[in-house]
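Data first, discussion second: the structure below is written as structure tokens.
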Amino acid sequence: MTRILPVLALTLAAHAPMASAQQSQEHPAPPPPPGLEGAQLLSGWMRADGTRVAGLSIALEPGWKTYWRAPGDAGIPPQIDFQDSENVANIALHWPTPEVFDSAGMRTIGYHGDLLLPITITPKDASKPVDLDAHATIGICDQICVPVSLNLRAHLDGKGQHDPQIEAALDAEPKTISAQVHCEIKPVRDGVNLTARLELPPAIGPEDTLFELRSTPVWVSESSSHREGNMLIASADFVPPEAKPFDLDLSDLRITVLSDRGAVQIDGCTE
């Protein structure tokens with residue numbers, strides 16, 4: 001059985017001044033927790049329109065994994081916020097296409113090995129630097145699961161330099177498409193069941209349909225799905241913290257489909 005260890009903290013700062021040898025001896029940096037080789041903010045570059053592209057890089061030891069934004073039945077939901085950042089009007093995280101893991105009859109969704117999350121930043125004033133301050137709690141797992149607390153900082157100034165690693169991670173994000181999606185909702189004992197009928201060309205191999213609400217914290221069950229020609233029919237239960245039926249906002253729904261055609265995501269239902 002997978003065990004969960006207590007939260008461990010790791011504080012890193014990108015482009016921070018180097019401490020003296022005496023300071024380092026008096027206040028040594030904490031060792032990384034089991035499974036984590038390191039984490040850092042990549043400073044990236046400024047686009048022509050004044051927005052910035054940065055990255056959150058997480059390096060794991062071989063055999064370890066971490067979780068997608070919607071981690072599945074038994075995964076640890078990642079929590080990442082930038083509320084202490086300065087000169088920031090808007091921030092968006094971009095999640096590369098995840099893998100689906102099956103373990104002990106449970107499905108989780110995430111990444112093996114290293115993970116790079118691109119970050120796009122709209123400054124309040126593009127002529128001034130951005131001080132990026134990220135606070136994150138993520139789960140990393142092998143035979144044990146370790147919730148890790150990360151506090152990362154970076155000073156983003158000037159035009160920066162294009163980073164092909166960040167660009168590759170941006171390209172790996174599921175492509176947002178428009179598709180006809182017909183949704184049906186019915187209450188269940190501890191939440192609601194949603195059945196979506198998506199008009200998508202069939203894949204050659206298996207398909208995984210992942211449901212999530214973009215801004216509402218709810219647990220979502222593993223989906224069941226089948227094909228009727230060009231119609232993919234998928235169903236899942238949505239269970240809020242109160243464990244009772246609720247008004248599911250279909251405009252908040254995001255559906256991601258993983259297949260050999262590549263990953264696509266659809267926002268909302270057409271009806």
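The values are calculated or read from the model by the stated rules, or taken from the named source; none is laboratory data. None of the values given here were measured: they were computed from a predicted structure. Counting neighbours? That spans all protein chains shown, and the Cβs are built from the backbone with ideal geometry, glycine included. For accessibility, only protein heavy atoms count, side chains too; no ligands or nucleic acids. Shrake-Rupley method; radii C 1.70, N 1.55, O 1.52, S 1.80 Å.
Suppose each label sits 7 Å from its Cα in the direction of the beta carbon; what would the Ala89-Arg47 distance come out to in nanometres?
1.3 nm
Counting only C-alpha contacts under 8 Å and six or more residues apart, can you give the relative contact order of the range 217-271 as a whole percent?
Over the range 217-271, the number comes to 25 percent.
Under a point-charge model restricted to the Cβ atoms of Lys and Arg (+1) and Asp and Glu (-1), what is the dipole moment magnitude of the range 88-226 relative to its Cα centre, in debye to the nearest 20?
In total the dipole reaches around 440 debye.
Could you identify which residue out of Ala92, Ala48, Ala172 has the top mean-square fluctuation in a GNM of the chain using Cα springs shorter than 10 Å?
Largest GNM mean-square fluctuation: Ala48.
Using a probe radius of 1.4 Å on heavy atoms only, what accessible surface per residue do you get for the range 51-207? Whole Å² is fine.
Per residue, the range 51-207 has 47 Å² of solvent-accessible surface.
Would you work out the relative contact order for the range 81-217, in percent, from Cα pairs under 8 angstrom that are 6 or more residues apart?
22 percent
In the Gaussian network model of the chain, springs joining C-alpha atoms below 10 Å, which of Lys175, Lys65, Lys186 carries the largest mean-square fluctuation?
Lys186
Hey, got a sec? Which trypsin sites (Lys or Arg not before Pro) in the range 201-271 land in a DSSP loop and have at most 16 other Cβ atoms within 10 Å?
Filter output for the range 201-271: Arg214, Arg261.
Please give the charge dipole size of the range 181-271, origin at the Cα centre, charges +1 on K and R Cβ atoms and -1 on D and E Cβ atoms. Round to the nearest 20 debye.
The calculated dipole for the range 181-271 is roughly 80 debye.
Mind listing which trypsin sites (Lys or Arg not before Pro) in the range 116-161 are in a DSSP loop and have 13 or fewer other Cβ atoms within 10 Å?
Hits after loop and neighbour filter: Lys124, Lys159.
Pull up the cross-link candidates among the lysines for Lys124, meaning alpha carbon to alpha carbon under 20 Å and not fewer than 8 places away within one chain.
Candidates past the 8-residue exclusion: Lys159.
Calculate the spin-label point distance for Asp114 paired with Asn151, positioning each point 7 Å from the Cα along the beta-carbon direction, and give it in nanometres.
2.7 nm
Of all the accessible heavy-atom surface of the chain, with the other protein chains kept in place and a 1.4 Å probe, what percent is carbon and sulfur?
51 percent
Taking amide H positions as placed 1.01 Å from N in the peptide plane, with prolines and chain starts having none, which residues 5 or more places from Ile140, or on another chain, fall under 5 Å of its amide H?
When sequence neighbours closer than 5 places are left aside, the close amide H contacts are Val146, Val148.
Note down the magnitude of the dipole of the chain about its Cα centre, charges +1 on Lys and Arg C-beta and -1 on Asp and Glu C-beta and zero elsewhere, to the nearest 20 debye.
80 debye
Estimate the FRET efficiency between Asp171 and Asn193 by the formula 1/(1 + (r/R0)^6), using the beta-carbon distance for r and 35 Å for R0, to the nearest 0.05.
0.50
Which of the lysines could be linked to Lys186 by a straight reach, that is with a Cα gap under 17 Å, when you skip same-chain ones fewer than 8 residues away?
Lys244
Give me the log10 of I(q) over I(0) for the chain at q = 0.07, 0.12 Å⁻¹, as the Debye formula computes it from C-alpha points; what are the numbers?
With one equal scatterer per Cα and no solvent, log10 I(q)/I(0) is -0.29, -0.83.
Counting only C-alpha contacts under 8 Å and six or more residues apart, can you give the relative contact order of the chain as a whole percent?
19 percent
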